[in-house]
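Worksheet: one structure, shown below.
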Amino acid sequence: MTSRFFATGDTSSSESETEYSEESYASGDESSEAESNEEGKGTGLQVGERLARYLRDSDSEEGEEKRVVRSAKTKQQEALVSIIQQLKNHIKISDWISIQSDFDALNRQLTKYYRLDALNDTKKEPPKAYISAIVLLEDFLNKTAENKDKKLSKTNTKAFNAVKQRLKKNNREWEEQIRKFRESGAVPGEDLFDEAEGESSGVDEEQKGETDEESWDDSGVESSEDLEEKPPTSGGSQWLLKTGRKSSQAVVSQKEKKKSKSQAVQQQSTQSLKDSTDSVPAMASKDFGIPEDLPESAVDQKLVEIIATRGRKGTSKRESLLQLELLLKAAKNLVQEMEILFQIISTHFDMIPAAVGFMSPDNWRNCVQCIEKILNLAFEHETQVRFVVHYPSTEALDVSVPLRGSSEEKPNSTEDLSEAKVSLDKEDKRKIVRGDLATVLERIDDDLFRAWQGTDAYLPEYVERLKDEFILLKLLSRAQTYFEKEGELERAARIACRRIQHLYYKPDELLVGMIQSSLQNTRKQHEQSREEGDNQDWVSLDPVLSGLVYQEEVEDDSFRLPIPELPIVQRPLKGEQALLRLAVLVYRYGHESLKSIVILCQIYHHALENRFYEARDMLLMSHLQESIGMLELPLQILFNRAMAQLGLCAFRHGLAQETLYCLQELCTPVHTGLGSSTVARLRELLAQGIVQQRGHEKSVEQERLERNYQIPYHMYLPVDFIEMAHLIAAMVIEVPSLTRAEAQNEAPQKRKIYSRVFQHFLRNSIRQAYPSPPENTRDYIMSASRAFIRGHWKEAYHYIASIRAWESVDTNWTQSTLPIWRNIIQMESLRTFIHSYASYFDSLSVKFLSEWFELSPSRVHSLISKMIMNEELQASWDQPSGCVLMKRWEPNRLQSLCLQLTEKCNQLIDYNERLLDARSGGQTLKTEEREELLKSASHWATNAAGMKKSNAESWLKNRTAAS
């Protein structure tokens with residue numbers, strides 16, 4: 001049987017033609033053609049076309065598709081590139097749901113890539129395409145997080161958060177590869193292969209064949225004319241070793257064409273990627289056309305262009321920042337350098353993420369360094385430059401600087417004011433720098449405050465951010481000095497107010513401790529850097545001391561902080577003197593709102609240092625309590641903090657009445673019946689936490705505003721201690737008042753109410769048949785009140801001293817305050833005992849009372865004499881026996897009738913009130929109206945009793961005369 005390899009092109013059998021039409025072979029000359037079938041039912045293939053593929057000429061297979069042979073590694077790389085292309089397309093449209101699917105597919109494809117060499121136990125490096133893709137995704141994720149203007153949908157936000165968490169966990173494994181990729185300056189999503197992998201990876205064998213073709217012949221290169229004269233090779237000869245090849249010029253031209261095409265595609269994809277991601281390493285490697293030898297006019301023009309692009313949609317803020325940093329190196333004069341530094345600070349503020357609301361610590365410190373450079377340049381060249389806020393033209397006026405300290409008369413009209421400023425500016429030959437240094441410092445201060453608000457107080461990052469406060473204080477101190485030298489006293493007052501807000505809540509003891517610890521660290525650093533040095537050098541380098549207030553000439557050295565490590569001249573002022581020196585500047589040149597802030601800070605600091613009467617007098621002179629409800633919310637919070645600290649100061653001095661007056665409004669809830677909301681309301685008024693009220697839901701905007709006004713953790717006041725102080729002060733005032741009213745049979749309506757909250761708690765506690773052991777602050781004080789009423793002052797004091805709120809304050813305060821309140825409890829317990837049990841005794845010995853309450857006899861005699869003088873006790877002294885004699889009168893028949901009449905009148909008043917409430921829709925009478933009504937009723941009862949008594953006396957006289 002003849003082999004198929006030598007089969008002829010016979011068409012006699014239609015079945016064989018049909019079955020093997022594509023695999024039939026014919027021998028003979030290639031130029032012969034087979035005859036076609038008359039009915040057109042033949043195979044339709046010519047003899048040349050039915051030749052074996054490897055025997056055919058190259059001309060005969062031009063229209064056919066060549067078979068591509070690719071390795072498994074190439075296939076995996078092509079699949080990886082396809083996924084990355086899809087990822088880039090989805091990034092352009094911000095489709096985070098599809099991006100999440102692409103990220104999963106990318107990791108699955110990486111697993112398949114590793115399976116190619118399963119026998120190799122060593123860990124393989126991931127392909128560069130994978131690293132490029134995850135860097136691209138990470139950059140786009142960071143840009144999306146920073147873009148506060150664009151809001152994602154609910155599903156996109158969910159997918160975004162999922163990708164953020166999974167990408168962060170995934171990139172921990174490839175940190176080293178990502179770092180090397182960024183350092184190389186490669187473009188994420190574009191540079192997918194290394195040189196070792198080859199640019200031809202994943203391409204067709206047609207392109208590989210053209211490059212491999214060059215290595216077959218080493219004999220020489222033939223000209224194109226010789227190649228054209230050669231006959232075409234036969235079908236089988238194309239698989240043999242070629243004796244000739246294309247000219248090198250043709251090969252080079254074809255390569256250049258493909259290279260230019262690939263470069264065009266790469267440029268187009270890079271341009272589209274700029275709109276979606278910010279590649280920091282790629283931009284860092286660029287110069288943006290800003291060489292260091294740029295002319296001065298070109299620097300100004302480039303700065304104007306960068307400022308014009310600020311805030312535009314699609315503008316990369318990181319790219320603008322890098323351009324400004326490069327432009328700073330190319331600055332040619334002082335004005336350009338300072339203005340570029342101002343723009344760098346503004347760009348840092350623009351880069352604040354909307355979700356966070358404050359800068360990162362590194363960006364914040366970069367801004368501080370820029371401000372420090374500006375201040376250094378301003379001090380070095382103070383005779384050459386000046387700052388201007390409004391800059392309408394090249395000959396702008398410094399309208400932000402007030403005309404203070406001028407010997408000329410103050411102009412009245414705006415025209416005179418402008419003329420005076422023009423003449424002043426003409427005389428000033430210094431160069432103008434656009435920028436407001438005071439506003440920049442205020443924004444930096446606000447950003448640090450927001451960082452304290454948004455950082456968890458129990459993390460080490462919070463402590464690190466607290467250290468930045470003294471860096472800021474140093475800048476504020478230098479800026480205030482500069483503004484005072486320049487005569488810009490209004491800006492100096494603004495800076496002084498900021499310094500006061502950082503110092504007013506720090507006691508002197510805390511400052512001394514911080515300075516001493518900081519001096520030790522500074523001395524160690526100085527000793528490591530230098531073996532020998534002057535004390536002045538290392539003291540001046542201390543970061544804490546540099547931000548405090550100094551004064552060269554002080555009349556009394558007691559005004560300075562007691563720091564033995566420093567000479568007296570180098571010691572900073574105490575808190576009181578420092579705040580006074582800064583406050584004078586604000587009172588003279590500051591705005592009215594700044595004056596209110598400063599006076600509240602001074603009140604707070606006086607109370608913090610136990611100067612109660614100075615703080616009280618300053619509060620009364622300011623009259624802020626009359627208009628605080630109409631001021632801004634931050635001022636109201638500061639006022640509440642000052643009142644709370646003033647109440648704590650009165651409590652430390654043992655002033656119960658003043659403590660109650662200061663803390664009563666803060667500790668009284670909106671609804672008296674909701675006793676459990678006392679602490680919650682106190683936290684809300686002091687801005688120490690967001691309180692969720694029952695039955696009232698806050699909107700998102702309200703919660704955002706409350707978060708903006710929250711106080712940082714290190715400025716918190718002890719809320720439990722404030723509540724305890726209020727209830728203890730109310731106890732020592734209310735309990736003797738209640739027992740006296742009961743002893744004198746006063747009507748409940750006539751009894752004076754000092755604290756409704758305490759009375760509410762006490763009534764609920766007395767109603768309990770079996771009181772439970774105390775658990776919280778309120779329970780301890782109610783248990784102490786019950787013992788207080790019985791006259792057991794030791795038990796009451798034991799409950800007071802056992803409250804855990806004492807642990808929230810300084811130990812020195814606790815040790816000095818508890819003995820004071822122990823003495824107060826002894827005296828008020830004596831008054832309560834006499835009011836409660838005076839009706840059971842005919843006389844009381846001073847010796848017995850002195851031993852029972854552990855008071856001196858003179859103190860007991862003084863208290864009882866004061867009660868007799870105030871008509872609280874009906875008694876008299878028996879000096880020989882040292883006893884007090886009680887006086888009691890039993891009511892006669894007429895007095896009993898008068899008392900009954902009074903009770904009936906009270907009942908009638910209650911009935912009338914209920915009727916009035918029913919008619920008025922449930923509205924009760926006001927307290928003043930009720931008191932007036934009670935007074936009039938008691939007046940009627942007294943008059944009626946007096947008339948009956950006079951009638952009875954006249955009748956008795958008539959009967960006596962008749963008899």
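Hey, can you rank 503-511, 128-136, 724-732, 761-769 by average C-beta count inside 10 Å, highest first?
Listed from highest to lowest mean packing, they are 724-732, 128-136, 503-511, 761-769.
Enter the Cα centre distance for the pair the range 580-621 and the range 841-876, rounded to the nearest angstrom.
Centre-to-centre distance over Cα atoms comes out at 44 Å.
What length, rounded to one decimal in nm, is gained on full extension from ARG683 through to GLU78, with 0.36 nm per residue of separation minus their alpha-carbon distance?
The span from ARG683 to GLU78 would gain 211.6 nm if fully extended.
Would you mind counting up the charge near GLU509? Only other residues with Cβ under 10 Å from its Cβ, with Lys and Arg at +1 and Asp and Glu at -1.
Here the count lands on -2.
Which peptide among 599-605, 320-326, 172-178, 449-455 comes first, and what is the full order, when sorted by highest mean count of other Cβ atoms within 10 Å?
The densest-packed peptide leads the list: 599-605, 320-326, 449-455, 172-178.
Taking Cα centroids, how far is the range 132-176 from the range 333-395 in Å?
Answer, in whole Å: 31.
Considering only the other residues whose Cβ falls under 12 Å of the Cβ of ALA741, what net charge follows from Lys and Arg at +1 and Asp and Glu at -1?
For residues surrounding ALA741, the net value is 0.
Can you give the FRET efficiency for ASN708 and ARG179, using 1/(1 + (r/R0)^6), R0 = 51 Å, r = Cβ-Cβ distance, to the nearest 0.05?
According to the calculation, E is roughly 0.85.
Stretch SER593-ASN764 to full length: gain in nm at 0.36 nm per residue minus the Cα-Cα span?
This chain segment gains 57.1 nm when fully extended.
Multiply the residue separation of SER98 and THR309 by 0.36 nm, subtract the distance between their alpha-carbon atoms, and state the gained length in nm to one decimal.
Result: 72.8 nm gained on full extension.
Coordinate-derived values only; no laboratory data. Computed from a predicted model, the values in this text were never measured in an experiment. Methodologically, a virtual Cβ is constructed for each residue, glycine included, from the backbone with ideal geometry; neighbour enumeration extends over all protein chains shown.
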